[in-house]
1. Could you tell me which residue of region 144-193 is surrounded by the most Cβ atoms within 10 Å (Cβ to Cβ), considering only residues that are farther than 21 Å from F218 by Cβ and in contact (Cβ under 8 Å) with a residue 60 or more places away in the chain?
2. Going through region 121-146 one residue at a time, which ones are in contact with a helix residue (DSSP H, G or I) (Cβ under 8 Å, 6 or more places away or on another chain) and within 10 Å of ligand 1 (Cβ to nearest atom)?
3. Name the helices (runs of 4 or more DSSP H) wholly inside region 257-370 in which the number of residues that are away from ligand 2 (no atom under 14 Å from the Cβ) and charged (D, E, K, R) is 3 or more.
4. Hey, could you check region 371-414 for residues that are in contact (Cβ under 8 Å) with a residue 24 or more places away in the chain and charged (D, E, K, R) and say which is farthest from M435 (Cα to Cα)?
5. Return a yes/no flag: does region 329-350 have any residue that is touching a residue at least 12 places away in the same chain (Cβ under 8 Å), touching a Ser or Thr at 6+ places or on another chain (Cβ under 7 Å), buried (at least 17 other Cβ atoms within 10 Å of the Cβ) and of a type in the set (G, A, S).
6. Which ranges mark the helices (runs of 4 or more DSSP H) fully within region 486-594 that have 3 or more residues being surrounded by 15 or more Cβ atoms within 10 Å (Cβ to Cβ)?
7. Could you check, for region 268-276, whether at least one of its residues is β-branched (V, I, T), within 16 Å of ligand 1 (Cβ to nearest atom) and under 25 Å from F144 (Cα atoms)?
8. Residue under question is S214, and the condition is that it be of a type in the set (G, A, S), touching a residue at least 40 places away in the same chain (Cβ under 8 Å) and within 26 Å of E522 (Cβ to Cβ); does it hold?
Amino acid sequence: MAVCFHTSSPSSSCSSAPSSSFSRSCPQRSPFSLRKRKLCPSDSLLPHHRPRAAARGFRIRSSYGHPLSALSLQNGSSGSSPEKGPVDFKLEDGRPPGSGPRSDEPTISITIVGASGDLAKKKIFPALFALFYENCLPEHFTIFGYSRSKMTDEELRNSISGTLTCRVDSRDNCGDKMEEFLRRCFYHPGQYGSDENFSELDEKLREKEGGRLSHRLFYLSIPPNIFVDVVRCASLCASSPTGWTRVIVEKPFGRDSKSSGELTRSLKQYLSEDQIFRIDHYLGKELVENLSVLRFSNLVFEPLWSRQYIRNVQLIFSEDFGTEGRGGYFDSYGIIRDIMQNHLLQILALFAMEPPVSLDAEDIRNEKVKVLRSMKNLQLDDVVVGQYKGHSKGGRAYPAYIDDPTVPKNSLTPTFAAAALFIDNARWDGVPFLMKAGKALHSRRAEIRVQFRHVPGNLYKRSFGTDLDKATNELVIRVQPDEAIYLKVNNKIPGLTMRLDSSRLNLLYSAKYTREIPDAYERLLLDAIEGERRLFIRSDELDAAWALFTPLLKELEEKKIAPELYPYGSRGPVGAHYLAAKYGVRWGDISSEN
Ligand SMILES: NC(=O)C1=CN([C@@H]2O[C@H](COP(=O)(O)OP(=O)(O)OC[C@H]3O[C@@H](n4cnc5c(N)ncnc54)[C@H](OP(=O)(O)O)[C@@H]3O)[C@@H](O)[C@H]2O)C=CC1
Ligand SMILES: O=C1O[C@H](COP(=O)(O)O)[C@@H](O)[C@H](O)[C@H]1O
């Protein structure tokens, strides 16, 4: 029988503490404005925590990567200015900044539970390597893979090494950095509900941590039915004895309101809300991050951001491949749970929220949750579901969804859905927010399209022809691929006649910036390490998101609504066009020029 060394210590995690006390500064996260973190009173429960960090004069990055000095946190000033960078200060032990790590600096241990899986290999290890490569991880860190598969440290390293990449702007030390990173990666095989195995992991972690103040981050990259087992074991047998313990939970967070509520309650038996980081990786995407910047830092947009000027908003997600390899998971969730209830709804909430009091996580999440709670009930009439069928093109056969061996032949699970949603508040009353998400469509894209109203009494009506919709302004935020923000405006075609054209004012990221855009998982992992919760889902947001979709999902399932079949590689069911037309809307992505 295993003996656990310590019990979970929610007090070791504080919502707004200066919890990251690592001395490295991450060059990519350059300061723009500064924000002071509040101190968490429960820090005082941790003998080594805040006082030690402050005593060392660590530079602490805020949510946006702004270096804050612990000294400034003590004396209440923000400590540096965006233009000048960190103010001239010495570490309290008299050493100048950049003197290199001290041997008693804290360490962070990151355990990826489900390390043998697809997500771990495809996204999590590569993101951690990218952070390491960019000097965004603290000096002392250790990464452990944990899953049931039998593997040695070396075998884990081999299995992940192929997925690590250096950035396009890589420096010539990439190979060395990879080796150095891999040397910090270890593996512990174990069962997900075994106290004994987690206690063994704890011992290994302690050994690597070498008596330093140590923080521990667990990433649950596993199927949801084992989340609670793992959290129980990790919390009881492997939480940090000295620093914080945090857990990143991957979606799905339940299947409906009930199961999500149960999951939250079960997790909270072992963790406080502050320790739970529910990830929605779309919130970590560069252009989703940019949404608030675009709106709140440009005078030309915010005044237009309401029913007065906006005719409709479209949130579009499409993939040009099917469920390949994930049919087993997908069939019990479907596209509404997989994409709409989380990724698209989160974007909608960010888009539609009122200006928050500040950029603090709680202020932003308070505004988002108000939007979610103001949504009108979603009617079945306002939803179209589809499923892809097999299709042959250019001599190649594309499979149907139900050809996936892990999917039942009579499955009614939607691989496509379109929905019209409404926000019942003063700003957005009557404005359709149209969502569309699908797999096995003609292209891979994710975008937000904002269609503005017609110009009243348009003087140039005649020069446009009869289709006034074509002449309305449209703002497109292309999340992926080829990240861009463009605004369609009307201009005169040069020449002696008065003919108008619709053109793009285009901010194409690849043309403007040479630096490669970081993967969403990099940003989110770094935020979790830094204790920044802005891009993670709070439990009341999750409840509100499920409250919106659960009745619809129940109705679809109880009534066994048959999805409209659409060919693999097509633009999806025609029903989506009728749905949009019902609200006088045309999908903005119908032509490839758009
Ligand atoms: N893959 C993706 O692109 C995305 C995944 N997610 C979510 O992330 C999590 C991980 O995804 P992914 O890596 O694809 O998942 P996998 O199905 O690959 O599972 C990860 C690991 O969990 C273990 N495992 C799998 N099934 C079971 C089971 N029934 N009981 C116990 N252990 C099991 C396996 O490890 P072992 O057998 O060695 O113990 C497996 O390697 C899931 O919750 C998924 O929904 C979210 C977004 C995208
Ligand atoms: O969460 C999920 O996201 C992916 C799409 O993510 P992206 O970053 O590649 O756009 C999707 O394929 C998967 O079904 C879903 O679970």
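1. Going through the qualifying residues, I end up with R167.
2. Those that are in contact with a helix residue (DSSP H, G or I) (Cβ under 8 Å, 6 or more places away or on another chain) and within 10 Å of ligand 1 (Cβ to nearest atom): K121, K123, I124, G145, Y146.
3. Answer list for region 257-370: 257-267.
4. K393
5. There is at least one residue in region 329-350 that is touching a residue at least 12 places away in the same chain (Cβ under 8 Å), touching a Ser or Thr at 6+ places or on another chain (Cβ under 7 Å), buried (at least 17 other Cβ atoms within 10 Å of the Cβ) and of a type in the set (G, A, S).
6. Once the helices (runs of 4 or more DSSP H) in region 486-594 are filtered for at least 3 residues that are surrounded by 15 or more Cβ atoms within 10 Å (Cβ to Cβ), what remains is 520-530, 539-558, 575-582.
7. Yes; the residues of region 268-276 include at least one that is β-branched (V, I, T), within 16 Å of ligand 1 (Cβ to nearest atom) and under 25 Å from F144 (Cα atoms).
8. The answer is yes for S214.
The values are calculated or read from the model by the stated rules, or taken from the named source; none is laboratory data. All figures in this text were calculated on a predicted structure; none of them were measured in a lab. For neighbour counting, all protein chains shown are included, and Cβ atoms are generated from backbone atoms with ideal geometry for every residue, glycine included.
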